[in-house]
Amino acid sequence: MKELVERIQKDGRVLGEGVLKVDSFVTHQVDPVLMEKMGQCFAEVFKDQGITKVVTIEASGIAPALFAAKELSVPMIFARKAKSLTMNEELLTASVYSFTKQVTSTISISRKFLSAKDKVLIIDDFLANGQAAKGLIELCRQAGAKVEGIGIVIEKSFQDGRQLLEEMGLQVVSLARIASLANGQVEFFEEDA
Ligand code: 5GP
């Protein structure tokens, strides 16, 4: 997606350890106009797949997932990373190792929000090694829901996430694909740049 690539070129900052900081428009301050366009892109790709729920993980997946859900006219569910006192019903849970925080956390969704009737589009802000997406897939599996596809805002293609998800037979659609963050420079795959 051209606007996203241009915004990353303008405002993205490369941190060491292969991490891209996009906190001025995705992960902290959020650009709603760009987010809406991203939601429309995801919806355009998945509109004929009978999606009934969009599922993401808090916090930075929520904005793109919400706009995608609005375009598809379906509910958005975000998996929680910490158990809330109000979540007293039965939970679907999975362990996720966080690439950026380097800790394992338990993510959960109330069982009542996902069922075997659901066709799910998973959305997240970044794809690195695929652990967040794998955790969300596990929650869907526990509910018997079918994962129809994965929508990613920024894929770091030099990490293993896409391969892991494609080996599970899943369609992965990324709005920007980064080939390299070496030497503090963002390099995109040619078709995106
Ligand atoms: P994965 O689970 O695919 O290894 O990593 C994806 C998750 O880690 C995303 O939900 C995102 O929060 C975080 N993440 C991974 N790489 C980056 C990055 O380069 N920048 C930022 N801001 N977050 C990242």
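The values are calculated or read from the model by the stated rules, or taken from the named source; none is laboratory data. Just so we're clear, the structure is a prediction, and the values are computed from it rather than from any experiment. Neighbour counts run over all protein chains shown; Cβ positions are idealised from the backbone, glycine included. Side chains are part of the model used for accessible areas, which takes the heavy atoms of the whole protein and leaves out ligands, DNA and RNA. Shrake-Rupley method; radii C 1.70, N 1.55, O 1.52, S 1.80 Å.
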**Asked** Could you say whether any residue in region 78-90 is touching a residue at least 40 places away in the same chain (Cβ under 8 Å) and either under 18 Å from the mean Cα position of the chain (by Cα) or within 16 Å of the ligand (Cβ to nearest atom) (or both)?
**Response** yes
**Matching residues in region 129-162 - criterion: being surrounded by fewer than 22 Cβ atoms within 10 Å (Cβ to Cβ) and farther than 24 Å from GLY50 by Cα** = ASN129, GLN131, SER157, PHE158, GLN159, ASP160
**Prompt:** For residues in region 142-193 being of a type in the set (A, V, I, L, M, F, W, C) and part of a helix (DSSP H, G or I), which is farthest from PHE42 (Cα to Cα)?
**Reply:** ALA182
**Prompt:** Taking region 141-159 only, how many residues are of a type outside the set (Lys, Arg) and in contact with a Cys (Cβ under 9 Å, 6 or more places away or on another chain)?
**Reply:** 2
**Message:** Contact list please: Cβ distance under 6 Å, first residue in region 91-113 and closer than 17 Å to ASP125 by Cα, second residue open to solvent by 40 Å² or more (accessible area, probe 1.4 Å) and part of a strand (DSSP E or B), pairs at least six apart or on different chains.
**Reply:** TYR97/THR104
**Asked** Before we move on, is LEU66 at pLDDT 95 or above, away from the ligand (no atom under 14 Å from the Cβ) and open to solvent by less than 30 Å² (accessible area, probe 1.4 Å)?
**Response** no
**Asked** Out of the residues in region 15-44 that are of a type in the set (D, E, K, R) and over 18 Å from MET76 (Cα atoms), which is farthest from the ligand (Cβ to nearest atom)?
**Response** ASP31
**Complete:** Residue set ILE154, ILE123; condition in contact with a Leu (Cβ under 8 Å, 6 or more places away or on another chain) and within 16 Å of the ligand (Cβ to nearest atom); output residue ILE154
**Asked** Inside region 12-42, can you point out the residues that are modelled with pLDDT of 95 or more, acidic (Asp, Glu) and under 19 Å from THR100 (Cα atoms)?
**Response** ASP23
**Message:** Quick check on region 91-115: of everything there that is open to solvent by 80 Å² or more (accessible area, probe 1.4 Å) and more than 16 Å from the ligand (Cβ to nearest atom), which residue is nearest to GLN40 (Cα to Cα)?
**Reply:** PHE113
**Item:** Criterion violated by ALA82 - all others in (1) modelled with pLDDT under 95; (2) small (Gly, Ala, Ser); (3) over 28 Å from PHE25 (Cβ atoms) satisfied
**Value:** (3)
